[in-house]
Amino acid sequence: MVSEECRSIIDNMCEYGCNGISRDKLAEFIDYVCYEGSAELREYLRQTANNIATDIFGNKIYIRGLIECTNICRNDCLYCGIRKSNNNVERYRLDKDDILACCKEGYRLGFRTFVLQGGEDPCYTAEFVADVVSNIKKDYPGCAVTLSFGEQEYETYRLWRDAGADRYLLRHETADKQHYARLHPGEMDYDNRVKCLYNLKELGYQVGSGFMVGSPYQTPYNLADDIIFLTKLEPHMIGIGPFVPHSDTPFADKSQGTLTQTLVMISILRVLFKKALIPSTTSLGTIAHDGREQGFLYGANVVMPNLSPVGVRKKYMLYDNKICTGEESAQCISCLEKRVQSVGYRLTVDRGDYME
Ligand code: SAM
Ligand code: FES
């Protein structure tokens, strides 16, 4: 593949999405742009993605307040620092009052979306989460509630939706079954994860999916499959970030995803999913001091500052050296405000729903 061909693929993607590009060509394109292609080619892709984001969102970056509710999880994902086999984690679980206190502080700071995330904690029953959601919606009727508590039964998702949850984040992690099996223990099933995503769509959630960039054993074909999977799912949000190893997991010695590859993937996603909400993630900010700022320049339009109580932040260590684990929420937001402004954007307080 040569630069000229890549430029014409980028132009075609702008017009026609993935139509007309085979899986093999897509994989070759991704690989070339990330590793062999020139800086000019990457800049062409970045500029294309940036123009699309600017046309649609102006210089707005949406914020969502992330509340890390529980680090207790029944799963054992091989990459994840809070997997159940990691005995070095001090476990915690926020109760309803803790979560409502985070929302109160978040609302005061200007947040209009709260993201409740955590492991698949058996004590976070369907009823408990539904009760928390309905309390948040009662106290802050204009705010959006996003949930991210992994794979659940259809009826559980329905109860949470009926309680007022607006959105759900569930990364598919990888769209290749064999690759999925290398990242997860035998009892976790790729088909069930995909079924959950379609159930969430059916229930009317705004759905976010996504994957780690540079996860162990990932090939350019996997990334091509991820893109093809997403074009079928048509999610409203797409969360991607580099894989970063955690020293107490089986992947401690694996290498992390790179900044370049993650930025290139953000731009490709922006070109293909023009209106999608694409966060510049904490893991991107962890592998490079200006990673999140660069994410915005490559087409990301969301950031999710941490609203968790400071006392628990270091316990939600999904990977080593995770940033933003020491500051108060107010400090996090003023730091982010400066970062966003340094690259010509501004944080916006509105809910930032997907624009149909
Ligand atoms: N339990 C929920 C779920 O499965 O969706 C939400 C919590 S889970 C920790 C959130 C996301 O963190 C995962 O979807 C995964 O992509 C990401 N993650 C976990 N370990 C990571 C690592 N070592 N590096 C980068 N991202 C990681
Ligand atoms: Fe469950 Fe990571 S293994 S949250």
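Between K322, K25, K274, the Gaussian network model of the chain with springs among Cα atoms under 10 angstrom shows the greatest mean-square fluctuation at K25. Relative to one another, the C-alpha centroids of region 202-276 and region 154-186 are positioned 14 Å apart.
Cα centroid distance between region 88-106 and region 300-333, in Å? Spelled out, the Cα-based centre of one part sits 13 Å from the other. Across region 83-135, Cα-Cα pairs farther apart than 18 Å form 41% of the total.
Note the full-extension length gain between S334 and E356 as 0.36 nm times their separation in residues minus their Cα-Cα distance, in nm to one decimal. Present the calculation step by step, with values, prior to reporting the outcome.
Working: separation 22, 0.36 × 22 = 7.92 nm, distance 3.09 nm.
Full extension from S334 to E356 adds 4.8 nm.
Computed from Cα atoms alone, the Kirkwood hydrodynamic radius reported for region 118-191 is 13.7 Å. Taking C335, C14, C102 as the candidate residues, the one with maximal mean-square fluctuation in a Gaussian network model of the chain, Cα springs under 10 Å, is C335.
Net charge in the neighbourhood of N87 (other residues with Cβ under 13 Å of its Cβ; Lys, Arg +1, Asp, Glu -1) is 0.
For the residues V303, V343, V207, a GNM of the chain with alpha-carbon springs under 10 Å puts the largest fluctuation on V343. Counting neighbouring beta carbons within 10 Å and listing from fewest to most, the residues T125, T325 come out as T125, T325. Each residue of region 151-302 gets 119 Å³ once the volume of the Cα convex hull is shared out per residue.
A Förster distance of 41 Å, applied to the separation of the beta-carbon atoms of S85 and N51, puts the FRET efficiency at 0.35. For the residue pairs K25/K232; K137/K275; K96/K137, alpha carbon separations beyond 21 Å are given by K137/K275.
Pop out the Kirkwood hydrodynamic radius of region 1-125 from its pairwise C-alpha distances, inverse of mean 1/r, in Å to one decimal. Walk me through the numbers before you get to the answer.
Working: mean 1/r = 0.0531 Å⁻¹.
Radius from the Kirkwood sum: 18.8 Å.
Could you compute the net charge surrounding S247? Neighbours are other residues with a C-beta less than 10 Å from the C-beta of S247; K and R count +1, D and E count -1.
Details: positive: none; negative: D248, D253, D320.
With Lys, Arg at +1 and Asp, Glu at -1, the neighbours total -3.
Using the Cβ-Cβ distance between L100 and N192 with R0 set to 45 Å, the FRET efficiency works out to roughly 0.90. Of all DSSP beta bridges confined to the chain, the antiparallel ones make up roughly 5%. Placing pseudo-labels 7 Å out from each Cα toward the beta carbon at N59 and T125 gives an inter-label distance of 5.1 nm.
If you look at the Cα atoms of region 188-233, you get an Rg and a Dmax of 11.8, 34 Å.
Grouping the Cα pair distances of region 213-345 into 5 Å bins from zero gives a pair-distance distribution of 2, 10, 19, 20, 21, 16, 10, 3, 0 percent in increasing distance order.
Applying 1/(1 + (r/R0)^6) with r as the Cβ-Cβ distance of L203 and D253 and R0 = 35 angstrom yields a FRET efficiency of 0.30.
Region 124-214: which GluC sites (Glu not before Pro) are DSSP loop and have at most 11 other beta-carbon atoms within 10 angstrom? Don't skip to the end; give the middle numbers.
On the way: sites: E127, E151, E153, E155, E173, E187, E202; in loops: E151, E153, E187.
Counting only loop positions with at most 11 other Cβ atoms within 10 Å, the GluC sites (Glu not before Pro) in region 124-214 are E153, E187.
Grab the other residues whose beta carbon is less than 12 angstrom from that of A53, score K and R as +1, D and E as -1, and report the net. Working shown, then result.
On the way: positive: R46, K60, R270, K274, K275; negative: D55.
Counting the neighbours of A53, the net charge comes to +4.
The Cα atoms of the chain define a convex hull whose projected area, averaged across directions, is 16.0 nm². The angle separating the long axis of helix 3-16 from the principal Cα axis of greatest extent in the chain is about 50 degrees. Each stretch of four or more DSSP H residues adds -39500 (n - 2.57); spread over every residue of the chain, this sum gives -13500 deg cm²/dmol at 222 nm.
No lab work stands behind these numbers, since they all come straight from the coordinates. In this text, all values refer to a predicted model and were calculated from it rather than measured experimentally. Heads up, the Cβs are rebuilt from the backbone with ideal geometry, glycines too, and the neighbour counts pull from every protein chain shown.
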